[in-house]
Ligand code: ADP
């Protein structure tokens, strides 16, 4: 029977500078990137879907077409008169900076359209992130977490990347409280140590893992750049080494691709250590090329 991976969040229009000075249009966003990479690493017996909300304008339709073409099944509510968010990458003296237009994006209302979550069952995985939480209203966050709780009770495994982005939150305390609440519905948590340490004062990766185990996770996978990945299950903590990337061109989506490698491994029944190695190998290839979506083949 087909198993399902459903990622929930916001996909945005990406305007990226090209060599000729013009901008090329693409589509990206953390939860969508994870779905995109998932489609590339999981076998055909796993359906990869993306749940969000879009507008009814041309660029929203193009986004949906892009997902279809990438093999990611769109579960998108179409909200009349609305549109999708956009970000633009600027390159100045080799440094990249990002500008965002996302405050009116349809995805902010995705929590009003969670029916597909109720159709998941045992063996399926639902994924969301701290960015998914950040774009929702307080009531929307509550609805999403309720849906995740019910799915979990129905045997769905819930995966969560805290993806701390202070700019998306009114203040750090609100972000930390919402992220820890998000973690309470998750079986698998995939935090990045550097961000966690700066907002939760974690002394080391073990402290990050402990905090999420205490919140109720069964498996915590702590990413830490080129340093070893920490795998923590209740009563069992160990490190998985990360091979140095042969070249670092652009670290965008390192964490998103890592998540996909780990989660596809786990869905295929691999041990967490094997799945973490696959995640690290995929992320190392992704940071060796420019852009969020790098074909790993
Ligand atoms: P995020 O992108 O979420 O901030 P990290 O920077 O910790 O996350 O990176 C995610 C994963 O990408 C790491 O666990 C590792 O597997 C891989 N990675 C990141 N930087 C490097 C690097 N310099 N060399 C090899 N692998 C890396």
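The values are calculated or read from the model by the stated rules, or taken from the named source; none is laboratory data. Since we're looking at a predicted model, the values are computed, not measured. Positions of Cβ are backbone-derived with ideal geometry, glycine not excepted, and every protein chain shown enters the neighbour counts.
Tabulated values for the structure
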quantity: Test: residue in the range 274-297 that is in contact (Cβ under 8 Å) with a residue 12 or more places away in the chain, under 18 Å from the mean Cα position of the chain (by Cα) and either within 16 Å of residue 130 (Cα to Cα) or surrounded by fewer than 14 Cβ atoms within 10 Å (Cβ to Cβ) (or both); calculated: yes
quantity: Residues that are assigned to a loop (DSSP other than H, G, I, E, B), surrounded by 15 or more Cβ atoms within 10 Å (Cβ to Cβ) and either modelled with pLDDT under 95 or in contact with a helix residue (DSSP H, G or I) (Cβ under 6 Å, 6 or more places away or on another chain) (or both), drawn from the range 1-43; calculated: 9, 10, 11, 42
quantity: First in the range 244-267 and under 20 Å from residue 43 (Cβ atoms) and in contact (Cβ under 8 Å) with a residue 12 or more places away in the chain, second anywhere and assigned to a loop (DSSP other than H, G, I, E, B) and away from the ligand (no atom under 11 Å from the Cβ), Cβ under 6 Å, 6 or more apart; calculated: 264/42
quantity: Residue 242 vs. criteria within 16 Å of the ligand (Cβ to nearest atom), at pLDDT 95 or above and surrounded by 22 or more Cβ atoms within 10 Å (Cβ to Cβ); calculated: no
quantity: Subset of the range 195-217 [surrounded by fewer than 15 Cβ atoms within 10 Å (Cβ to Cβ), more than 16 Å from residue 238 (Cα to Cα) and within 16 Å of the ligand (Cβ to nearest atom)]; calculated: 198
quantity: Some residue of the range 149-164 being part of a helix (DSSP H, G or I) and surrounded by 18 or more Cβ atoms within 10 Å (Cβ to Cβ); calculated: yes
quantity: Checklist (1) closer than 18 Å to residue 109 by Cβ; (2) in a helix (DSSP H, G or I) applied to residue 51, failing item; calculated: (2)
quantity: Filter result for residue 75 (surrounded by fewer than 20 Cβ atoms within 10 Å (Cβ to Cβ) and over 22 Å from residue 258 (Cα atoms)); calculated: no
